[in-house]
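This report refers to the structure that appears directly beneath it.
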Amino acid sequence: MVEDLLAQRGIIVSHQTVKTWATKFCRQFAKRIRQRSSGKFGDKWHLDEVVVVINGRKHWLWRAVDQDGFVLDVLVQSRRNARAARRLLAKLLKSHGQPRVMVTDKLRSYGAIRRELMPGVEHRSHKGLSNRAENSHLPLRRRERVMKRFKSPGPAQRFVSTHDPISNLFHLPRHAMPSQIFRQLRDAAMEIWAEIAGLKTT
């Protein structure tokens, strides 16, 4: 898409050039956004895991979002077990502290690790309760189709680690607010993006 947009403006670049730019700059942008967002997420965590096939092998994308749909963290792991659940929850606790409520599917590993790491946190486990986290997987599925699947776990992890913080910046619940407020929040997000990406002149 970037290649086509630049071509419309008479700037010819290859797909590989755009990929190199993304590798070089997007991780820095995502890191700055995460630093600005520290401590601003909700206290109700929705956790889910989805299969990602990489080089013919099953991997699992573990994702945590808050009650407003903001992505807290994402991990690509080769297992769907207690060890993988512990790794995700330990990372979340280190970055965000303890939640008030944890919502998951019926995977028992969540309950076991929750009792070990944060016994005072309420745990709601039901197949239909983790829809918010499941919906958050959709951008990855679109990326899979465009790129005809990821070639290795490293690029998959790099993609989700950079895509989700940037997506958080522009995540605005359009249906839940008047259009004037939506435009104000959108303009504020663009202002922050311009500052982070070095587009803002001083």
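The values are calculated or read from the model by the stated rules, or taken from the named source; none is laboratory data. Because the structure is predicted, anything quoted here is derived from the model rather than measured. Cβ placement follows ideal geometry from the backbone for every residue including glycine, while neighbour counts extend to all protein chains displayed.
For the reader, a short list of remarks on this structure follows.
- Unmet criterion (only one of (1) closer than 20 Å to residue 33 by Cβ; (2) out of contact with any Ser or Thr (no Cβ under 8 Å at 6 or more places or on another chain); (3) surrounded by fewer than 20 Cβ atoms within 10 Å (Cβ to Cβ); (4) in contact (Cβ under 8 Å) with a residue 60 or more places away in the chain) for residue 53: (1)
- Close pairs from the stretch 11-27: first farther than 13 Å from residue 1 by Cβ and in contact (Cβ under 8 Å) with a residue 40 or more places away in the chain, partner among the polar types (S, T, N, Q) and surrounded by 10 or more Cβ atoms within 10 Å (Cβ to Cβ), Cβ under 8 Å, at least 6 apart: 26/162; 27/161; 27/162
- When residue 140 is tested against (1) over 20 Å from residue 30 (Cα atoms); (2) at pLDDT below 90; (3) among the aliphatic types (A, V, I, L, M), just one condition goes unmet, and that condition is (1).
- When residue 99 is tested against the conditions (1) buried (at least 17 other Cβ atoms within 10 Å of the Cβ); (2) free of Cβ contacts under 8 Å to residues at least 24 places away in the same chain, the lone failure is (2).
- Of the strands (runs of 3 or more DSSP E) lying entirely inside the stretch 5-111, those carrying at least 3 residues that are under 22 Å from residue 151 (Cα atoms) and hydrophobic (A, V, I, L, M, F, W, C) are 44-54, 57-65, 71-77.
- Look at the stretch 150-166: where a residue is in a helix (DSSP H, G or I) and a partner is at pLDDT below 80 and surrounded by fewer than 18 Cβ atoms within 10 Å (Cβ to Cβ), sitting 6+ places away or on another chain with Cβ atoms under 6 Å, you get 162/27; 165/34.
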